[in-house]
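I have placed the structure first, in the form of structure tokens, so that the comments after it can refer back to it.
No value in this document is a laboratory result; all are computed from the given coordinates. On a predicted model such as this, the values are computed, not experimentally measured, just so you know. Glycine gets a Cβ as well: all are built from the backbone with ideal geometry, and neighbour counts include every protein chain shown.
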Amino acid sequence: MSTVRVDPAAALSGELAPPADKSLSHRAAILGAMASGSVRVRGYLEAADTSSTLAAVQQLGARVLRDGDELVIGGVGLRGAAAPGAPIDVGNAGTLMRLLPGWLAVQEGRSFTLDGDASIRRRPVDRIAEPLRRMGAEVQATDGRLPPFTVAGARLRPMTYEMPVASAQVKSCVLLAALGADGETTVSEPAPSRDHTERMLAAAGVGVRRDGRHITVGGVEALALDELVVPGDPSSAAFPLAAALVVRGSRVVLRGVGVNWTRSGFVRIAQRMGADVRGELEEPADAIATAEPIADLEVVAGDLHGTVVEPGEVPLAIDELPLVALLGCFAEGETVVRGAQELRLKESDRIATVVEGLRGLGARIEATDDGFAVTGTGGLRGGRISSHGDHRLAMLGAVAGLASREGVEVSGMEAARVSYPTFMDDVVTLVQGP
């Protein structure tokens, strides 16, 4: 593991374009492979996780060609995935692990085994296995709930599925499987989660509709996609955004960020804490759009105050909640996150690792069963933090270093390559200024 020291910064200034959206890139590759014909993808993220997805769809028979800055994916059709002679390696990509089985379940008479790295082998798949089994697929997992696991495709039946926990990955898995079922499948989520899959399906001509918390998809014979555009990743943009909020005197502009309302929960939470973040965010709507909204965000440092993040807000900010803890360290009063037990199932147990990591840097923070509570002290001392192989924890440590009094050594900084390969370069750019 590499150790990187991040020293305190006087101020951050300048502008940058965050890397392409990881969630959308995964979906673009999978939907492109499921399509009939070629799909051009503009802005695909080049990172470790999304490279695993391209390798997986190629293993299933799709063609992937690079045309300048774009990808051209030659799809094999909804039911045309080839059964590979070896397990599909998802690497560290939890999104790939949970979405791809929805498509594989449609492949009647064929079986597919998915495996990954040591971190993936600790991440449960029972929440996708249960609905896929109800639709008629066979799923066999290690110890009943862990990778490696095997999906045997079948003739699927439609259903109405009440999700026990809001999860865009589980929802997307079921919606992809629903494309191969005879009739309509309805997924009901207890709270809104990111809706990228629904938008892509609508763009592909699929009859998909939302009625409150219920999303309904009908079975189809084929997907018709020509082009997909991937904006800047709001989850990646959140790290320089948070850095600009906690390093005094900072002003940063983030260009071309996706501002889909189901992904802007962190920005709204930060604004509620007093953050000066300027830019037009998409507002919630019942109608399903077919494109992703994009905007520039201007961020100016200032005074913050504590807040309470309630369970209904968690799915819209799930990947950025570690940064809420960091903002809480610099805010006046207490910051509490509730209903975020999903964090324990990420690349690391992000409740335990965030609390341990920030406490080691001088934070007053306590873990709860479903989140954490932070008492603001106006800053962080600094010290050393381990990424635990988690890309978001690595970047959290670096941001903390910029705003700390003594600097932070981040062990395992290379984990950031999973989603943000140029992260440290961008940090240097903002530290040096225009």
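Key figures for this structure:
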read-out	value
Helix 391-403 vs. the chain, principal-axis angle (Cα, 0 to 90°, nearest 10)	20 degrees
Backbone HN-Hα couplings from phi across segment 408-424 [Karplus 6.51/-1.76/1.60, Hz, Gly and Pro as x]	9, 9, 9, 8, x, 4, 4, 4, 4, 5, 4, 10, 9, x, 9, 4, 5
Over the chain, relative contact order from alpha-carbon pairs under 8 Å, at least 6 apart, %	18 percent
DSSP-defined antiparallel bridges as percent of all bridges, segment 299-434, nearest 5	55 percent
q = 0.12, 0.16 Å⁻¹: log10 I(q)/I(0) that the Debye formula gives for segment 22-229, counting C-alpha atoms only	-0.53, -1.00
Phi-based couplings in Hz for segment 284-289 (Karplus 6.51, -1.76, 1.60; Gly and Pro marked x)	x, 8, 6, 5, 8, 6
Label corresponding to percent of Cα pairs over 43 Å apart when calculated from the structure given, among [x] 28; [y] 10; [z] 14	[y]
Summed residue charge, Cβ within 15 Å of Met413's Cβ, Lys/Arg positive, Asp/Glu negative	-3
